[in-house]
Amino acid sequence: MNASERLFGDLLGRAGVTLNGPAPWDVRVHDTRVYDRALLQKNLGLGEAYMDGWWDCGQLDEFFRRVLAAHLDEAVRGGPRLLLSLLPALLRNRQTRRGALQAARRHYDLGNDLFRAFLDPRMQYSCAYFEDGAESLAEAQLAKLELVCGKLGLKPGDHLLDIGCGFGGLARHAAETRGCRVTGVNISREQIAFAREHCEGLPVEILESDYREIPGAYTKAVSVGMFEHVGARNHRTYMRAVLNALEPGGVFLLHTIGANRTAPGCDPWIERYIFPRGDLPSPMQIARAAEGLFVIEDWHNLGPHYARTLRCWHANFEAAWPGLAGRYGERFRRMWRYYLLSSAGAFAARDIQVWQVVLTPVGAPQPPCRPERRGARIRMKG
């Protein structure tokens, strides 16, 4: 056993993980080069080594829950390559209009066949809400949509702005169940095409537009799973754009993954392979961006629900893999599995969060902003 293997094994031992051990969360090593790669590059090296088949684990989500709960990521310094990967987030604005478009092409335009394979029938690519009797992924995503519509107090006559509207599931649900008009803005061509077809015949308009170019005026606004792509340098610009789009007395719901602490960019492996130019906001960054523009009415943490959501997505993905293998290949399969299950472990360890923040323009009256659950029906207080 060389020094790298000993150090790697000792670190994992702090998290209750054993090299080549019998537990499903233990690491099975196929190539001993993984030790140096992980110690020098942390999750970037560990993830690339997994994609290359250098190691396996029967229960990746539990492996990551243990590793992150034990703060092993803080115990490893990493090498020069890792530090260099963080410099772009520190030195420049990577989420310009052009940069945002490039990021959308690399992830959200991978192919709708992929997303259909693991998402629920409403194509919700964000945290579900396993409350109010919801057991299946489809039920939990419906509960999330009801939660969002309830917090916004949507009703006939409202015009909802859906920023980064995804595949149009929320827009369709709001129009069908609340009788409101919806304008969705997005920059992913694949999502736009799907959303337009999905919402056909409803008072829903899907525009290809950057958030910095939002047209019109709206009574309510929502953004689900898009703020993570805005970038810290643009948080204030984003909040001003939303404020300018809202009519007096409007309500804005921001649904975003968030980090416990302020840091540049996001995890280097996630940045390279999953979400280019991703940037998880911290509570301080959200508050600073909103300061003087919005009043924070409510802050709701749904983080544990995302761990379960991701496990559901992974189960669907693996079940659908035979139909995807010819197009995407085994390395992609390992990459996507690593993405879904490492993220599930991070949420389970409370290393990252998902928040729904309700905001109103300064001076606007306070809306009823937290739902009261009565059985399986979400109602608003007041």
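The values are calculated or read from the model by the stated rules, or taken from the named source; none is laboratory data. Everything quoted here is computed from the prediction, not taken from an experiment. Virtual Cβ from ideal backbone geometry, glycine too; neighbours counted across all protein chains shown. Note: areas computed on protein heavy atoms with side chains; ligands, DNA, RNA excluded. Shrake-Rupley method; radii C 1.70, N 1.55, O 1.52, S 1.80 Å.
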All but one of (1) open to solvent by 20 Å² or more (accessible area, probe 1.4 Å); (2) in a strand (DSSP E or B) hold for PRO264; state the number of the condition that does not hold. (2)
Exception for LEU46 within (1) within 26 Å of the chain's Cα centre (by Cα); (2) over 20 Å from HIS71 (Cα atoms) falls at (2)
Given the conditions (1) more than 16 Å from the chain's Cα centre (by Cα); (2) in a helix (DSSP H, G or I), every one holds for LEU202 apart from (2)
Does at least one position in region 334-354 carry a residue that is over 30 Å from GLY53 (Cβ atoms), modelled with pLDDT of 95 or more, open to solvent by less than 20 Å² (accessible area, probe 1.4 Å) and of a type outside the set (D, E, K, R)? yes
Got a sec? Which of ARG277, ARG350, ARG272 is more than 25 Å from TYR129 (Cα to Cα) and not in a helix (DSSP H, G or I)? ARG277
Hits in region 208-229 - residues which are among the hydrophobic types (A, V, I, L, M, F, W, C), at pLDDT 95 or above and open to solvent by 20 Å² or more (accessible area, probe 1.4 Å): VAL224
Does region 287-308 contain at least one residue that is surrounded by 16 or more Cβ atoms within 10 Å (Cβ to Cβ) and more than 30 Å from LEU243 (Cα to Cα)? yes
Would you list the helices (runs of 4 or more DSSP H) that sit entirely within region 1-70 and hold 1 or more residues that are closer than 22 Å to ARG308 by Cα and open to solvent by 70 Å² or more (accessible area, probe 1.4 Å)? 60-69
In region 230-258, residue most open to solvent (accessible area, probe 1.4 Å) [restricted to those that are over 13 Å from GLY164 (Cβ atoms) and of a type in the set (S, T, N, Q)]: ASN244
